[in-house]
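The values are calculated or read from the model by the stated rules, or taken from the named source; none is laboratory data. What you see is a predicted model; the values in this text were computed from it and never measured. Note that each Cβ is placed from the backbone with ideal geometry, even for glycine, and that neighbours are counted across all protein chains shown.
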Amino acid sequence: MSDKQFDMIGFGNPFQDLVVELLKLPPTNVNTRIQSYCFQGGGNVPTATVAASVLGLKCAILGVAGSDMFGHASLGDFAYNGVDTSHLKLDDGKRTDFCICVTEREIHGKEFISQDGNYTPLKPEELDEKFLKSARILHIGDMLSPAKFQAAEWVREAGGKVSVDAAYYRPDLYENYRYLDLFIASEKYYNDFCKDKGSMTCEQAARYIRAQGPEIVIFTLGEKGCRGVYGDRYFELPAFTVDAVDSTGAGDVFHGAFNYAYLQGWDVPRCARFSSAVSAIKCLEFGGRAGIPNLDTVLHYLETGEIKREWLDERVRRYRQGFFDLVR
């Protein structure tokens, strides 16, 4: 598949996140000082796409944002991270998905306060078949629209793979395992799966899903690491231990990193270990994107256990500056 134009296309609408750090949430009618804040692009699929691009894949984003300042900030964020935006539509006069991500330093807590945009989602007839068939991997977070079914069909028809961030246990995913090749699910997905199907170990649940179609099934379990099945093999990996400040986006970047590693031809446990390292490094910084490491930073960490700060410090500085283009 070396003739493909893109290594990965992420099909998901971007959020604009406002990341706010507090010591703790104040009681009602009490002012509290913000410790730090910055704007960062968000959304599980867009952030995974950024991570894959930063690591070295040729990536594009497919989706819709509003034509407001947050939509233009999304374009700036993707450009900074080398993601092609030729198929990201800015819906004229509409608003972009927005989220306030609050982290509480004293209790290591986090809250999300969000509002969906009012743009019109993409329809199947708006998709570019040639563009989609140019992807080695299509990455999605759900199958809630006919456009995503069409996209998945075209990608697989052309010999590509479909990866999914299965954050929530929903019929659009569990009724359509056959469309999915790389199935990586959250701990919440696993827990809700067990409530529906009956208690299972991670191995039993992964093998059940694997039998429905995906070639790889992995559950990410936060501080407990990850576990999964590929072919007939089962594996477990512990999580990396770092002085984390914010886990926002950790699962998202795991997916982007896994797709990078998968396309290098590595075996699945190596892919998962690499992805876990990328996710751990991200947690050193607030928000979903400022802490995404480049390949050199990850490989150095895996080899030595030390984190080189140069790349991360520059990303943090750039995100604090922001990506708003308010000059017209």
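Looking at the stretch 280-328, which of the residues that are of a type in the set (A, V, I, L, M), out of contact with any helix residue (DSSP H, G or I) (no Cβ under 7 Å at 6 or more places or on another chain) and over 17 Å from G249 (Cα atoms) is surrounded by the fewest Cβ atoms within 10 Å (Cβ to Cβ)?
V327
Could you check T49 against (1) at pLDDT below 95; (2) buried (at least 24 other Cβ atoms within 10 Å of the Cβ) and say which number it fails?
It is condition (1) that T49 fails.
Considering only residues that are within 16 Å of A48 (Cβ to Cβ) and either at pLDDT below 95 or crowded, with 17+ Cβ neighbours inside 10 Å (or both), which ones fall in the stretch 161-172? Lay out the reasoning, then the answer.
From the stretch 161-172, those within 16 Å of A48 (Cβ to Cβ) are 161-168; that's our starting set.
Hits for the stretch 161-172 are K161, V162, S163, V164, D165, A166, A167.
Can you tell me which residues in the stretch 207-266 are surrounded by 22 or more Cβ atoms within 10 Å (Cβ to Cβ), out of contact with any Leu (no Cβ under 7 Å at 6 or more places or on another chain) and assigned to a loop (DSSP other than H, G, I, E, B)?
D246, T248, G249
Among what's in the stretch 174-223 and is more than 19 Å from H139 (Cβ to Cβ) and hydrophobic (A, V, I, L, M, F, W, C), pick the residue that is nearest to the chain's Cα centre (by Cα).
Going through the qualifying residues, I end up with L221.
Just to be sure before I move on: is L312 of a type in the set (A, V, I, L, M, F, W, C) and either touching a Lys or Arg at 6+ places or on another chain (Cβ under 9 Å) or within 18 Å of E215 (Cα to Cα) (or both) in the structure I sent? Break it down into steps so the answer makes sense when it comes.
Values: of a type in the set (A, V, I, L, M, F, W, C): yes; either touching a Lys or Arg at 6+ places or on another chain (Cβ under 9 Å) or within 18 Å of E215 (Cα to Cα) (or both): no.
In short, no.
Condition first: over 30 Å from V54 (Cβ atoms) and among the charged types (D, E, K, R). Now tell me which residues in the stretch 5-36 satisfy that. Write out each step before concluding.
So the first thing to find is which residues in the stretch 5-36 are over 30 Å from V54 (Cβ atoms), and the list is 23-33.
Passing the criteria: K24, R33.
Which condition does F6 not pass, out of (1) more than 14 Å from V102 (Cα to Cα); (2) in contact with an Asp or Glu (Cβ under 9 Å, 6 or more places away or on another chain); (3) crowded, with 24+ Cβ neighbours inside 10 Å, if it passes all the others?
Only one criterion in (1) more than 14 Å from V102 (Cα to Cα); (2) in contact with an Asp or Glu (Cβ under 9 Å, 6 or more places away or on another chain); (3) crowded, with 24+ Cβ neighbours inside 10 Å is unmet by F6, namely (3).
Search the stretch 76-104 for residues that are at positive phi and pair each with any residue that is in a strand (DSSP E or B) when their beta-carbon atoms are under 8 Å apart and the residues are at least 6 apart or on different chains.
As it stands, the answer is G82/C59; G93/G66, since those pairs meet every condition given.
Could you please let me know if D7 is charged (D, E, K, R), assigned to a strand (DSSP E or B) and touching a helix residue (DSSP H, G or I) at 6+ places or on another chain (Cβ under 9 Å)? Explain how you work it out, then say what you get.
Details: charged (D, E, K, R): yes; assigned to a strand (DSSP E or B): yes; touching a helix residue (DSSP H, G or I) at 6+ places or on another chain (Cβ under 9 Å): yes.
For D7, the condition - charged (D, E, K, R), assigned to a strand (DSSP E or B) and touching a helix residue (DSSP H, G or I) at 6+ places or on another chain (Cβ under 9 Å) - is met.
Among the residues of the stretch 280-327, write down those that are closer than 14 Å to A51 by Cα, part of a loop (DSSP other than H, G, I, E, B) and of a type in the set (G, A, S).
G287, G288, A290, G291 - these are the residues of the stretch 280-327 that are closer than 14 Å to A51 by Cα, part of a loop (DSSP other than H, G, I, E, B) and of a type in the set (G, A, S).
Looking at the structure I just gave you, is E223 closer than 22 Å to G82 by Cα and acidic (D, E)?
Details: closer than 22 Å to G82 by Cα: no; acidic (D, E): yes.
In short, no.
Residue by residue, here is whether (1) hydroxyl-bearing (S, T, Y); (2) surrounded by fewer than 21 Cβ atoms within 10 Å (Cβ to Cβ); (3) within 14 Å of the chain's Cα centre (by Cα) holds:
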residue: V19; (1), (2), (3): no, no, no
residue: L22; (1), (2), (3): no, yes, no
residue: P27; (1), (2), (3): no, yes, no
residue: V30; (1), (2), (3): no, yes, no
residue: Y37; (1), (2), (3): yes, yes, no
residue: G41; (1), (2), (3): no, no, yes
residue: N44; (1), (2), (3): no, no, yes
residue: L55; (1), (2), (3): no, no, yes
residue: K58; (1), (2), (3): no, yes, no
